[in-house]
1. Once you place label points 7 Å from the Cα toward the Cβ at B:THR229 and A:LEU186, how far apart are they in nm?
2. Sort region B:223-281 into rounded, prolate or oblate with this rule: let a ≥ b ≥ c be the square roots of the eigenvalues of the Cα gyration tensor; rounded if a/c is under 1.5, and if a/c is not under 1.5, prolate when a/b is larger than b/c, oblate otherwise.
3. What is the packing order of peptides B:99-105, B:41-47, taking the mean over residues of other C-beta atoms within 10 Å and listing the highest first?
4. What order do you get for A:TYR111, A:TYR215 when you list them from fewest to most C-beta neighbours inside 10 Å?
5. Counting partner chain Cβ atoms within 10 Å of every residue's Cβ in A:86-96, what's the average?
6. Between region B:68-91 and region A:49-105, how far is it from one alpha carbon centroid to the other, in angstrom?
7. Between B:SER59 and B:GLU116, what is the spin-label point distance in nm, taking each point 7 Å from the Cα along the Cα→C-beta axis?
8. Which of B:ARG138, B:ARG167 has the fewest other C-beta atoms within 10 Å, and how do the rest follow up to the most?
Amino acid sequence: MNSGQVTQDKKRNIVNIYWLEAKYEFLKSLRLPVFALSTILFPTLFYMFFGLSFGQQDFGPVNSATYYFVSYGVFGVIGASLFGFGAGVAAERGQGWMRLKQASPMPPLAYFVAKLAMAAMFSTIIFLLLWLLGFLFGEVRLAALQLLSIWAIMVVGSLPFAAMGLAIGYAVGPNSAPAIVNLVYLPMAFASGLWIPIQALPEFLQKIAPFLAPYHLAQLAFSVINVDQGDSVLGHIIVLGIYTVLFLVIALILYKRDEGKTFG
Amino acid sequence: MMTEAIAELKGVSKNYAKVQAVKNIDLQINAGEVVALLGPNGAGKTTAISMLLGLLKPSAGEALLFGQKPQSTESRIRTGVMLQLSGIPDTLKVKEHIALYSSYYPNPLSLAETLELSNLTGLENRWYGKLSGGQKQRLHLALAMCGNPDLVFLDEPTTGLDVASRRSLWEQVRGFIDKGKTVVLTTHYLEEADALADRIVVINQGAIIADGTPSEIKAITADRKIRITSSLSPAQILAMQGVSSVKQDGVALEILTSQAERTVYNILQEDNNATGLEVTTAGLEDAFLALTQERKAA
């Protein structure tokens with residue numbers, strides 16, 4: 001009987017489950033205008049308005065279009081992760097969809113890996129779109145290795161924001177989740193110097209910025225084109241790591257609290 | 001023993017902060033059975049099922065599926081589930097939802113078989129968000145059946161459906177039962193339990209108060225309710241043939257009986273001044289009440 005079950009389990013194609021889970025997570029989100037449009041359109045429009053339409057100034061070694069390509073790119077990938085996890089988990093939890101998934105034989109990690117893959121895909125779309133606009137209209141000229149480094153930093157560096165979104169998704173209901181995400185997202189992005197360069201922010205915000213995760217992700221990406229503040233790269237990575245662990249722990253606590261709350 | 005216990009609750013209780021939702025339940029479900037857990041809202045049916053599915057941890061006792069922990073992959077790949085949902089993602093097509101769920105199982109049905117079994121053929125390219133209420137419910141059912149599991153849980157499968165959609169869904173469940181599968185469903189409709197199950201377990205206030213074939217359970221709930229104002233004492237009436245419970249309600253007495261005509265005759269013979277006679281069909285609630293009181297008396 002035991003051996004029978006083992007062969008049964010072998011017949012499941014685990015790789016295929018992960019692949020389908022990720023594919024449908026992406027398709028589902030792409031077809032949802034409120035998600036697809038807002039995560040892709042906002043950073044694109046911001047970049048066009050504030051990064052490309054004011055003419056070119058010098059930002060140290062690069063022009064302003066290049067500087068803003070990185071800062072609005074970071075802004076965009078943070079949004080994709082925060083909304084993908086925050087609003088997505090809250091909605092699916094509220095519908096009971098998540099309980100059904102938990103009761104199914106789906107490998108539990110597949111749900112989260114799929115959401116990470118989806119956020120990475122959206123991040124890549126945002127990255128490519130901004131780069132294309134910058135290349136065409138802002139004389140953004142970066143070496144392939146620089147581009148690849150910035151892309152990798154953005155995709156991997158959005159992990160703490162996925163964790164943050166997950167915590168929000170477990171903390172609040174489906175109707176309030178998008179609003180809460182915006183309340184966290186927009187002020188945090190502004191204070192981290194993603195919209196206006198950090199040097200141009202009021203002094204008290206400049207002092208707050210180093211405590212915010214987006215500041216550190218932006219500085220990491222800026223370091224590729226030498227426009228960062230000059231802090232240690234390792235320091236940025238450690239802060240982002242602490243943020244990730246902290247919010248994963250919070251999410252886990254909220255998940256435990258959630259168990260059995262929805263019915264009586 | 002020839003029978004194989006597929007799902008088991010052994011002395012299981014579940015306490016929430018203020019209420020005890022399930023009180024020391026023992027339940028064994030055997031291969032090939034179609035069991036309905038019948039009870040009013042809040043009786044503890046969903047809590048009981050959630051423990052069998054490993055979604056909730058019992059406060060006491062043990063829940064087993066196929067002799068193993070419900071959370072184990074071995075039991076989950078043999079189990080299909082339909083829960084009470086307010087929805088699943090709107091922007092995926094019927095066939096995409098089914099493809100994803102089928103991939104979780106080692107020997108799933110083909111897409112065509114699943115569509116036919118759930119009467120969704122022709123709708124495979126429609127987004128979930130564009131389906132009607134009955135079609136959505138049939139897709140939830142399809143997700144429970146598409147993996148071709150040995151055991152299926154259906155939690156309130158027809159709640160919120162109109163009569164026609166409910167009957168249509170019953171047809172689909174029967175199609176699955178005919179494949180020799182074990183089915184556990186919860187419902188608060190006796191009609192539904194009767195239409196699908198070969199065993200009905202009545203749950204009220206977290207405890208099992210009756211367990212039998214549909215005809216046995218119907219016999220209990222086929223009681224009629226007599227309201228009458230009489231000088232006879234409740235104890236005198238309770239002693240009469242067929243009477244299962246007597247309750248004082250203001251000046252009148254409320255009597256549950258399996259033999260309404262005989263009971264009325266008996267009462268009038270002993271008290272020809274009795275007034276205000278009303279005879280109605282006892283609802284499930286009355287039957288639960290009667291069963292609960294019998295249990296207390298026993």
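1. If labels sit at B:THR229 and A:LEU186, their model points lie 6.9 nm apart.
2. Values: a/c = 1.27, a/b = 1.15, b/c = 1.10.
Because its axes are fairly even, with a/c under 1.5, region B:223-281 counts as rounded.
3. B:99-105, B:41-47
4. The order, fewest Cβ neighbours first, is A:TYR111, A:TYR215.
5. Values: counts 0, 0, 1, 0, 0, 3, 3, 0, 2, 6, 8.
Mean number of neighbouring Cβ atoms from other chains: 2.
6. 32
7. Result for the modelled spin labels: 4.9 nm.
8. Working: B:ARG138 25, B:ARG167 13.
Ascending number of Cβ neighbours within 10 Å: B:ARG167, B:ARG138.
Only the coordinates and a few stated rules stand behind these numbers; no lab work does. The structure displayed is predicted, hence computed values, not measured ones. We place every Cβ from the backbone using ideal geometry, glycine too, and count neighbours over all the protein chains shown.
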